[in-house]
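These notes concern the structure reproduced below.
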Amino acid sequence: MIKILSVVGARPNFMKIAPFIEQINKNTDIRHILVHTGQHYDARMSRNFFNTLGIPIPDVNLSIGSGTHSRQIGDTMIAFEKILIKEKPDWVVVVGDVNATLACSITAKKMNLKVCHIEAGLRSGDITMPEEINRLVTDRISDLLLTPDLISSQNLLNEGISNSKIKFVGNIMIDTLDKNIKKAKSLSVLDIINSNVINKKNKFNHKNFKKFGLVTMHRPSNVDSLSILKSIIQMFINDISKKMHLLWPIHPRTQKKLKEFDLYIDLLNCDRITMLHPIDYIEMIKLNSSSKIVFTDSGGLQEECTILSTPCLTMRWNTERPITLLENGGVSLLVGNDVQKIKHAFNQIRINEEIKRPKYWDGKTAFRCLSEILSYKYE
Ligand code: UD1
């Protein structure tokens, strides 16, 4: 019997691990252990996703919590090493690019265990982005690199990684999207607002939400600087929201920064912007598929917009997911955090009717991931 230990840590990991565990559970010859590092811990950032996506309760929760990157990564490594000593898995499977991905892949390789990275090979080329460091290091040391697209496979080859370690399997997040889309479409936008709204005194009526834009933002490059964050908030309040009502599920990091910079009250008082708590996965899919446009700096949303055909203004200067860009057949346009550029792009939005699903974004990626692990040729 093969023993696989998989790791999750933060919100974007949950939709990637769910279909993988579902595949494992179809196979009685595998003993599976799920470790949650606890980087994200609020119910709305973590537990709710387990319930919605049917992920089993983790066998272990390391309860690492918030902190500086070195603190989070160091504490995770120390705690995770103890689990590996006890469990001695045949494979450690990490997903995505969060601090848990990096910390757990290093710990496992230090103990000479096999590591598989799902969603390998993404590169933004921007080393100031914490996730880029996580991607580079994890891919350099992993034994099996499962890529979401051929651009990512090529990135790995360009870095001199042996072709035999790289397997193109497709985008595992799309397995989760496909599985949940029908249920998401049956939800009501108004119900989602009513159960998650923060600025309750704003009056909602159905007319407001016939047409709306969806905002999500949490990257340090957008929210950690007062001048950048202030210019973005002013743009949403004084310009964009006057043309289209906005719904904004707020990330805890962003909420904290807005309060620190004294910008939060202005947002709460703007009756054209509805602030929401972080929402559930299925609710997000509903809002995304019903919105006219998405403003985001999230990686996963760029991909979900591509499948849902929602025009996406990506508030970054680069992306590790170029396959989602308009020029490559997707829906997303890089607009950075230059408000003039964002406003211009907003006025020019067009729907790409020609969207073709990228190869292997077909709902069967988890099956291919597990097959690659089970057929791995040990030297
Ligand atoms: C992390 C990931 C990022 C991912 C994002 C999605 C890294 C380096 N970054 O960034 O790739 O896109 O998650 O959400 O791993 N907080 C809470 N409750 C929580 C979690 C966080 O209040 O459940 C607050 C904490 O105050 C913390 C801040 O949010 O200081 C940032 O959290 P952190 O886990 O450090 O990184 P994210 O910015 O969420």
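The values are calculated or read from the model by the stated rules, or taken from the named source; none is laboratory data. This structure is a prediction, so every number in the text was calculated from the model and none was measured. Note that we place each Cβ from the backbone using ideal geometry, even for glycine, and neighbour counts take in every protein chain shown. Accessible surface areas use protein heavy atoms only, side chains included; no ligands, DNA or RNA. Shrake-Rupley method; radii C 1.70, N 1.55, O 1.52, S 1.80 Å.
Under 5 Å between amide H atoms, partner at least 5 residues away or on a different chain: which partners does Asn199 have, H built in plane at 1.01 Å?
Placed amide hydrogens put Met275 under 5 Å from Asn199.
In the structure shown, do any of Lys16/Lys109; Lys341/Lys364; Lys16/Lys210; Lys179/Lys341; Lys179/Lys201; Lys242/Lys292 have a Cα-Cα gap over 26 Å, and if so which? Show your work: numbers first, answer last.
Working: Lys16/Lys109 22 Å; Lys341/Lys364 38 Å; Lys16/Lys210 31 Å; Lys179/Lys341 36 Å; Lys179/Lys201 36 Å; Lys242/Lys292 15 Å.
Flagged as over cut-off: Lys341/Lys364; Lys16/Lys210; Lys179/Lys341; Lys179/Lys201.
Using 1/(1 + (r/R0)^6) with R0 = 51 angstrom and r between the beta carbons of Ser221 and Thr28, what's the FRET efficiency to the nearest 0.05?
Efficiency at R0 = 51 Å is approximately 0.65.
Give the calculated FRET efficiency between Asn112 and His69 to the nearest 0.05, with a Förster radius of 35 Å applied to their Cβ-Cβ distance.
The formula returns an efficiency of 0.85 here.
List the cysteines in the chain whose Cβ has no other cysteine Cβ under 4.7 Å from it.
Cys104, Cys116, Cys270, Cys369
Under a GNM of the chain (C-alpha, springs under 10 Å), which listed residue has the highest mean-square fluctuation: Ala184, Ala43, Ala366?
Among Ala184, Ala43, Ala366, the largest mean-square fluctuation in the Gaussian network model of the chain belongs to Ala43.
Please compute the contact order of region 84-203 in relative form: average sequence separation of alpha-carbon pairs under 8 Å and at least six residues apart, divided by the residue count, as a percent.
20 percent
With +1 on each Lys and Arg Cβ and -1 on each Asp and Glu Cβ, how big is the dipole of region 267-379 about its Cα centre, in debye rounded to the nearest 20?
Numbers: 14 positive and 14 negative charges, 47 e Å.
Approximately 220 debye in magnitude.
Can you sort Ile273, Ile228 by solvent-accessible area, 1.4 Å probe, largest first?
Ile228, Ile273
Taking the Cα centre of each part, how many Å lie between region 131-186 and region 85-121?
About 14 Å separates the Cα centre of region 131-186 from the one of region 85-121.
For the peptides 277-289, 119-131, what is the packing order when you average, over each peptide's residues, the other Cβ atoms within 10 Å and list the highest mean first? Intermediate results must be reported in sequence, preceding the final value.
On the way: 277-289: 21.3, 119-131: 18.8.
Answer by packing, highest mean first, reads 277-289, 119-131.
Among the complete DSSP H segments of the chain, which ones combine at least 15 Å of alpha-carbon extent along their axis with a mean Kyte-Doolittle hydropathy of 0.0 or more?
Numbers: long enough: 11-25 (22 Å, -0.19); 69-87 (26 Å, -0.16); 99-110 (17 Å, 0.23); 130-141 (17 Å, -0.69); 172-185 (20 Å, -0.41).
Flagged H segments are 99-110.
Based on the inverse mean of 1/r over its pairs of different Cα atoms, what is the Kirkwood hydrodynamic radius of the chain, in Å?
21.2 Å
In nm, what is the difference between 0.36 nm times the number of residues separating Arg47 and Asp362 and their Cα-Cα distance?
Here the segment from Arg47 to Asp362 would lengthen by 110.7 nm.
Once phi is turned into ³J(HN,Hα) by the Karplus curve 6.51 cos²θ - 1.76 cosθ + 1.60 with θ = phi - 60°, what whole-Hz value does each residue of region 320-328 show in order, with x for glycine and proline?
7, 10, x, 5, 8, 6, 3, 5, 9
Would you mind pulling out the separation of the Cα centroids of region 249-287 and region 1-41, in Å?
What the calculation gives is 30 Å, centre to centre.
Any idea how far apart Lys88 and Tyr376 come out in nm if each label point goes 7 Å out from Cα toward Cβ?
1.7 nm
Before rounding to the nearest 500, sum -39500 (n - 2.57) across all DSSP H runs of length at least 4 in the chain and divide by the residue total; then give [θ] at 222 nm in deg cm²/dmol.
Value at 222 nm, helices only: -13000 deg cm²/dmol.
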